[in-house]
Amino acid sequence: MPDSPRAAQFETLLAPILGSAYGVAFRLTGDRDDAQDLVQDAALRAFAAFETFEPQTHFKAWFLRVLVNCHLNRARSASRRPQTVPLDDGEDALLFEAARREGLMARGLDPADALLARFDADLVAAALGELPDDFRVVATLFLLEEMSYEDIAHIVECPVGTVRSRLHRARKLLQKALWELARERGLVEAQNWKSGRSE
Amino acid sequence: MHQFAQADFGVCGEFIRCLFRVARNFFTRGVLRGQKNEEFVMLLGILSCKETIARLDDYLDRELSPQEVRLVARHLKICHQCAKRFAFETELVEGLRRRLHRIEAPADLLEKIRTSLEAAETGAASHGNSNPQCGVLKDNQGSL
Ligand SMILES: [Zn+2]
């Protein structure tokens, strides 16, 4: 424990949520070192603003808000990736229709299971990484932390309606990215489906 | 009429609901033309496929009211197509969650943070706290 009572109090609150914070940071940055860096920066930043934290409120949401803020500011200033939002979200029900086209509905399989069998953790992480930052943030908080619109709205400092529409678009963009990556990697060609049947 | 549609009649109830649906389509196309449609939907307690699919995202996000969930569930019971779509999308979200399992934080991360906080505490007076990459944190009031 640190010497100063303020630091000790901060650490007591931070320790139980550090795993969550790192998990979110890893999905946002896509890299272990960058994630560690981001959590450390966020911790410093949050500690500097610790007076503004109201003890009876949710520390995890408060800390994630700082962390997401740090991440978005870093991403914007470094402009490592173009932040243009694609004009084309991808077709509605893209994966559902793909599963139907591949005949997965008629084979007595669970079509989502059959499709997911082709998407390993690496592919899903890569697809999430393809999303523009604003969309990746809401998708990460929803998928990883299972947060509500209201909680996400608080963290990203947006109205609930914005979170809702962003999450809906993020879902479509994620399906599109998954499908494109899976095709690039040759995971969803017709032949694979056939061989997948006997697995 | 309201209670009639809400009650559970089993197979007979499904038939009556179908009749309501036909009547409703007739009214919404011919009379209401979309206006007051929502009110009418609530009154009859039956959603069309389009209205059900329009609720899919909010359903997956667990943001529908209990009443809306009941309306959706009622439609899914009688509509195989929509039921397939909802089952697919629900399973997809669950599958993606399983694949995005949490990565363990490095064991020494807390220790590293402690060290940097201590450095910040001792250095704050002379240098001021600044981290240019993080920018200004607006309004830190946590309200959850
Ligand atoms: Zn339907």
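The values are calculated or read from the model by the stated rules, or taken from the named source; none is laboratory data. Every value quoted in this text rests on a predicted model; they were computed, and no experiment measured them. No Cβ is skipped: glycine too gets one built from the backbone with ideal geometry, and neighbour counts run over all protein chains shown. To get the accessible areas, we keep the full protein, side chains included, count just its heavy atoms, and leave off ligands, DNA and RNA. Shrake-Rupley method; radii C 1.70, N 1.55, O 1.52, S 1.80 Å.
What to note about this one:
- The trypsin sites (Lys or Arg not before Pro) of the range B:73-106 meeting both criteria, a DSSP state outside H, G, I, E and B (loop) and at most 16 other C-beta atoms within 10 angstrom of the site's C-beta, are B:102.
- Chain A: angle of helix A:5-14 to the longest principal axis, Cα-based, in degrees nearest 10: 10
- Computing FRET efficiency as 1/(1 + (r/R0)^6) for residue B:116 and residue B:67, where r is the C-beta to C-beta distance and R0 is 45 Å, gives about 0.35.
- For the range A:104-180, the set of trypsin sites (Lys or Arg not before Pro) satisfying both a DSSP loop assignment and a count of at most 14 other C-beta atoms within 10 Å is given as A:107.
- Low-density loop positions, trypsin sites (Lys or Arg not before Pro), the range A:32-83 - DSSP coil, at most 14 other Cβ in 10 Å: A:80
- Leaving ligands and nucleic acids aside, the B/A contact buries around 5900 square angstrom of accessible area in total at a 1.4 Å probe radius.
- Size descriptor, Kirkwood hydrodynamic radius, that averages inverse alpha-carbon separations across chain A, Å: 18.7
- The residues of the range A:94-194 expose on average 40 square angstrom of accessible surface per residue, using a 1.4 Å probe on protein heavy atoms.
- Rounded percent of accessible protein surface that carbon and sulfur make up, chain A, 1.4 Å probe: 48
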